[in-house]
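Please read the structure below before turning to the comments.
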There are 4 protein chains.
Amino acid sequence: MTDPTQEIARAVDATREEVAALHAELPRNGLVVWTSGNVSARVPGTDMFVIKPSGVRYEDLTADTMVLCDRSGSVVPGSAGSDKHPSSDTAAHAYVLREMPEVGGVVHTHSPYATAWAARRQPIPCVITAMADEFGGEIPVGPFATIGDDSIGRGIVETLAGHRSRAVLMANHGVFTIGPSAADAVKAAVMCEDVARTVHLAFQLGTPVEIPQDSVDALFDRYQHIYGQDSQGGRP
Amino acid sequence: MTDPTQEIARAVDATREEVAALHAELPRNGLVVWTSGNVSARVPGTDMFVIKPSGVRYEDLTADTMVLCDRSGSVVPGSAGSDKHPSSDTAAHAYVLREMPEVGGVVHTHSPYATAWAARRQPIPCVITAMADEFGGEIPVGPFATIGDDSIGRGIVETLAGHRSRAVLMANHGVFTIGPSAADAVKAAVMCEDVARTVHLAFQLGTPVEIPQDSVDALFDRYQHIYGQDSQGGRP
Amino acid sequence: MTDPTQEIARAVDATREEVAALHAELPRNGLVVWTSGNVSARVPGTDMFVIKPSGVRYEDLTADTMVLCDRSGSVVPGSAGSDKHPSSDTAAHAYVLREMPEVGGVVHTHSPYATAWAARRQPIPCVITAMADEFGGEIPVGPFATIGDDSIGRGIVETLAGHRSRAVLMANHGVFTIGPSAADAVKAAVMCEDVARTVHLAFQLGTPVEIPQDSVDALFDRYQHIYGQDSQGGRP
Amino acid sequence: MTDPTQEIARAVDATREEVAALHAELPRNGLVVWTSGNVSARVPGTDMFVIKPSGVRYEDLTADTMVLCDRSGSVVPGSAGSDKHPSSDTAAHAYVLREMPEVGGVVHTHSPYATAWAARRQPIPCVITAMADEFGGEIPVGPFATIGDDSIGRGIVETLAGHRSRAVLMANHGVFTIGPSAADAVKAAVMCEDVARTVHLAFQLGTPVEIPQDSVDALFDRYQHIYGQDSQGGRP
């Protein structure tokens with residue numbers, strides 16, 4: 001007989017390790033400075049999630065300092081890291097994980113090129129095939145919403161629900177990405193900044209040619225089904 | 001009974017270690033090249049401060065090579081590092097630390113995006129929420145002042161006294177930041193370059209939307225009181 | 001007597017090592033993010049080639065995970081790495097290696113500055129001598145072609161056959177480079193992004209002066225015959 | 001009695017070590033890609049100089065692979081590294097070292113921002129104090145000259161002789177810097193790219209304010225006499 005309490009404890013520990021390791025990808029890929037940015041991951045088989053503590057430097061993050069939260073975003077009392085405040089963006093992560101059961105992880109950054117598009121409240125148009133592959137078209141802009149209630153989370157969900165894109169540019173703020181797993185959401189954050197930069201550069205010296213919609217559709221469909229290895233990450 | 005001389009010696013040593021370690025953040029965050037840039041920190045419980053030696057490469061900086069100065073900016077005779085000339089910006093640091101007793105550390109850089117705004121003598125407008133959080137509005141421009149007397153220090157103090165921003169763009173020169181601690185001033189220098197870059201990118205392809213003043217106020221107020229961990233750095 | 005099977009096995013192993021090592025140059029030179037980009041190399045004395053597996057992170061690439069393909073781009077059954085899917089760009093590499101027998105290696109990236117030119121479908125004009133040296137004039141644009149058949153490979157070959165440039169900007173897509181060896185193709189990919197960036201910067205503040213055609217010709221001719229060491233890489 | 005032959009041998013060895021170590025600064029500071037760029041240093045007490053071999057990767061450079069040349073730029077037969085071709089820019093280095101006896105080292109790069117100014121054949125205007133400090137005013141443009149005879153060297157010398165700037169932008173080509181020592185010339189190459197970038201950024205969003213000539217003069221004069229440590233590098 002398996003002990004469900006031990007199973008959950010193991011799942012929590014594994015999720016802590018995963019989230020701590022994924023945070024290292026944010027500075028490595030130039031998406032964050034100092035303590036900005038955060039990753040959350042749903043603990044499989046539960047409605048809890050693990051997230052970065054607030055205001056802690058990336059080099060000081062370990063599995064044990066990650067904060068375990070319940071579905072409302074409250075810290076689980078007595079858990080490792082429960083002496084820390086969770087990320088000040090926790091409410092937004094909790095809202096998304098609660099409202100989108102298919103999402104396993106959420107990433108938030110102020111990566112510079114994507115945030116520049118967000119400051120102009122302009123979606124990133126789909127002018128490169130890598131963007132059609134990853135996002136299936138333009139990357140949309142969400143509403144202007146300030147921290148402190150559910151408005152950021154609601155803005156993310158309203159923009160991304162039913163949208164091909166797994167990234168949203170929240171107006172004047174930054175990027176939120178989602179994925180079936182936290183690793184997939186991190187990949188989406190990396191690719192979002194990459195295409196935000198390339199498309200920015202393309203517009204600096206003229207007007208790039210848009211990709212025909214049927215080609216965008218074909219590229220997106222193919223990438224969802226063929227790219228990568230069968231057993232790897234969020235892509236079949 | 002405690003020996004006040006030994007206490008001061010310990011405080012000086014701890015400040016040397018802190019300032020040497022903080023200097024490593026400047027090249028790591030892309031704020032400086034070669035020997036440019038410098039950090040100073042007040043020695044707690046004294047009116048002395050520790051600063052970088054002039055023209056020394058970042059990889060050669062150690063706690064012992066940091067220079068100890070009195071409140072006027074003169075090297076303390078016989079102290080470790082007193083065979084070195086202190087940074088050529090020492091007079092400006094001394095002026096700020098003397099006139100602003102609430103300031104525990106000062107940072108100076110020529111970080112490229114911020115210095116580009118300084119060369120145009122344009123304040124950085126507040127169009128991203130991270131800037132409202134950190135700086136409470138625009139980052140202001142200080143006067144054109146050349147090295148050699150108190151005019152740089154005076155320009156910093158006149159611009160920042162009573163201002164929410166802990167960063168000033170000195171005209172045609174570069175950035176000075178202040179903070180309750182040197183670590184906080186370093187964070188401000190990192191965030192200043194980050195927002196200078198993002199806002200630069202935002203203006204390159206159009207005009208970003210400004211954030212309403214009441215939202216700026218709410219974000220700034222919240223960040224001063226909620227962000228981070230209670231026991232960490234300059235933020236409650 | 002030499003055993004031809006063993007000789008081929010040794011050649012395959014050496015090519016695997018070479019291709020795995022060359023992949024490390026792509027992130028090191030800022031040409032790729034996450035799993036994008038790929039290098040292929042012909043196995044000397046055969047019509048097989050070695051290429052990156054699909055969707056695998058750069059830090060996880062080893063000689064053994066490289067995929068061995070036949071001239072049509074099909075995985076060689078039973079070979080090391082044959083449990084992996086090869087790069088989704090394999091058909092394009094296979095086409096080029098099949099149609100251009102003088103080519104020993106092919107590189108594909110979405111490097112940001114070059115891809116920005118590709119998104120505007122503008123060739124990079126030859127306004128710096130390094131570009132005359134390496135590419136003998138402008139870097140041309142190939143057709144818009146989507147993945148899934150021979151159209152990308154055909155576009156590369158039709159653009160580069162008889163052209164001095166070893167790099168082509170595939171419309172709305174990215175860069176393909178060729179060379180007598182895979183190392184030479186990697187060098188071309190690095191130099192292509194370098195000149196794409198410098199020429200981009202040059203056009204941002206005005207119009208650069210074009211180099212007279214006879215100077216371009218003289219520089220290209222000289223670089224092919226004089227630069228480098230006799231025994232090194234693809235250059236005499 | 002000292003043996004002059006041994007003294008020269010020691011000076012050659014020390015110069016080889018210095019030049020090999022200084023080359024590492026070029027990629028570390030983002031001034032070069034692949035094998036481009038080179039540093040030369042005069043061997044003290046002789047009219048020989050040491051320079052990078054042609055087309056060799058930076059990570060493969062050692063003191064022994066540096067090439068020793070006589071004043072005409074010919075390889076010294078039988079010396080270490082004499083089996084290598086020296087840099088294809090050797091004639092330009094030789095010309096400068098021959099014609100400017102006060103110069104101890106020369107650096108050449110295609111660093112991107114500076115080369116963008118060179119492609120437009122525009123001097124970099126002096127709009128930041130760091131530029132007044134280092135270069136004493138604008139960084140000038142030299143003539144368009146192709147490799148193969150003395151015309152590059154002559155263009156460098158004609159532009160820099162009597163000029164405050166230790167850097168010249170050779171038209172459509174790149175940067176050459178000089179200094180009393182090779183280390184000083186490397187510093188000038190690093191600072192040249194830094195100011196080329198900052199001034200580029202400044203012009204992207206408007207017109208920077210120029211610094212009054214008397215302030216430029218005062219800054220330059222002060223920096224030559226006060227900055228740095230007495231015993232360090234080329235600066236008193």
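The values are calculated or read from the model by the stated rules, or taken from the named source; none is laboratory data. Because the structure is predicted, anything quoted here is derived from the model rather than measured. Neighbour counts are summed over all protein chains in view; Cβ atoms, including those assigned to glycine, are modelled from backbone coordinates with ideal geometry. With ligands, DNA and RNA removed, areas are computed over all heavy atoms of the protein, side chains included. Shrake-Rupley method; radii C 1.70, N 1.55, O 1.52, S 1.80 Å.
A simple spin-label model places the labels of C:Glu99 and C:Asp70 2.2 nm from each other, with each point 7 Å out along Cα-to-Cβ. Against the empirical curve 2.2 N^0.38 Å, the C-alpha radius of gyration of region C:92-236 lands at a ratio of 1.01.
Whole number in Å², please: accessible area per residue of chain C, 1.4 Å probe, ligands, DNA and RNA not counted.
Numbers: 8500 Å² over 236 residues.
Accessible area per residue, chain C: 36 Å².
Note on D:106-116: average number of Cβ atoms from other chains within 10 Å of each residue's Cβ is 5.
In this Cβ point-charge picture (+1 for Lys and Arg, -1 for Asp and Glu), the protein assembly as shown has a dipole of about 1080 debye about its Cα centre. Rounded to the nearest 500, the helix-only mean residue ellipticity at 222 nm of chain D stands at -13000 deg cm²/dmol, with each DSSP H run of n ≥ 4 adding -39,500 (n - 2.57). Quick one: net charge of B:His23's neighbours, Cβ under 12 Å, K/R +1, D/E -1? Spelling it out: positives minus negatives among the neighbours equals -1.
What FRET efficiency, computed as 1/(1 + (r/R0)^6) with R0 = 60 Å and r the Cβ-Cβ distance, is obtained for A:Ala21 and D:Thr46, rounded to the nearest 0.05? If you can, show how the numbers build up before the last one.
Details: r = 56 Å, r/R0 = 0.93.
Taking R0 as 60 Å, the efficiency between A:Ala21 and D:Thr46 is 0.60.
Take the Cα coordinates of region C:1-138, assign each an equal point scatterer, and use the Debye formula without solvent to give log10 I(q)/I(0) at q = 0.15 Å⁻¹. Cα-only, vacuum Debye calculation for region C:1-138: -0.78. Across peptide A:189-202, the mean count of Cβ atoms from other chains lying within 10 Å of each residue's own Cβ comes to 5.
A convex hull fitted to the Cα coordinates of region A:125-196 yields 85 cubic angstrom per residue. Between copies, the label points of C:Asp3, set 7 Å from Cα on the Cα→Cβ line, lie 5.6, 5.6, 7.9 nm apart, reported in increasing order to one decimal in nanometres. Convex hull volume per residue, computed on the Cα atoms of region C:19-95, equals 83 Å³. Each other copy holds its own label point for D:Glu99; taking that point as 7 Å from Cα along Cα to Cβ, the gaps run 5.0, 5.0, 7.0 nm, nearest first. The other copies place their B:Asp217 label points at 5.1, 5.1, 7.2 nm from this one, listed shortest first, where each point is 7 Å from Cα along Cα→Cβ.
Helices meeting the span-like rule in chain D (full DSSP H runs, Cα extent of at least 24 Å along the helix axis, mean Kyte-Doolittle score of -0.5 or higher): D:4-23, D:182-204. For chain D, the relative contact order comes to 18 percent (Cα pairs under 8 Å, sequence separation of at least 6). Between the listed residues A:Tyr223, A:Ile178, A:Ile152, the Cα displaced farthest toward the positive end of the dipole of region A:121-236, a dipole computed from Cβ unit charges relative to the Cα centre, is found at A:Ile152. Pairs of Lys residues in the protein assembly as shown are counted when their Cα atoms are under 13 angstrom apart and they lie 8 or more places apart or on different chains; the count is 4.
Using Cβ point charges alone (K and R +1, D and E -1), the dipole size of chain A about the Cα centre works out to roughly 460 debye.
Inter-label distance, D:Asp150 to C:Ile8: 6.1 nm, where each label sits 7 Å from its Cα along the C-beta direction. Between the listed residues A:Leu31, B:His93, A:Gln122, the Cα displaced farthest toward the positive end of the dipole of the protein assembly as shown, a dipole computed from Cβ unit charges relative to the Cα centre, is found at A:Gln122. Once you have a ≥ b ≥ c as the square roots of the Cα gyration tensor eigenvalues for the protein assembly as shown, tell me rounded if a/c is under 1.5, and otherwise prolate or oblate according to whether a/b is larger than b/c. Oblate. The share of accessible area on the protein assembly as shown that comes from carbon and sulfur is 51 percent, using a 1.4 angstrom probe. Computing FRET efficiency as 1/(1 + (r/R0)^6) for A:His163 and D:Gln213, where r is the C-beta to C-beta distance and R0 is 41 Å, gives about 0.10. Of all chain C residues, the closest to the C-onto-D rotation axis by Cβ, with that distance in whole Å, is C:Gln204, 5. Dipole magnitude for region A:109-236: about 260 debye, using +1 per Lys or Arg Cβ and -1 per Asp or Glu Cβ, origin at the Cα centre. Other protein chain C-beta atoms within 10 Å of residue C-beta, averaged over B:118-129: 6.
In square angstrom and rounded to 100, what buried accessible area do you get between chains A and B, total over both, with the probe at 1.4 Å? All intermediate terms of the calculation are to be shown ahead of the outcome.
Working: alone 11270 and 11250 Å², together 19770 Å².
When A and B are taken together, about 2700 Å² of accessible area is lost.
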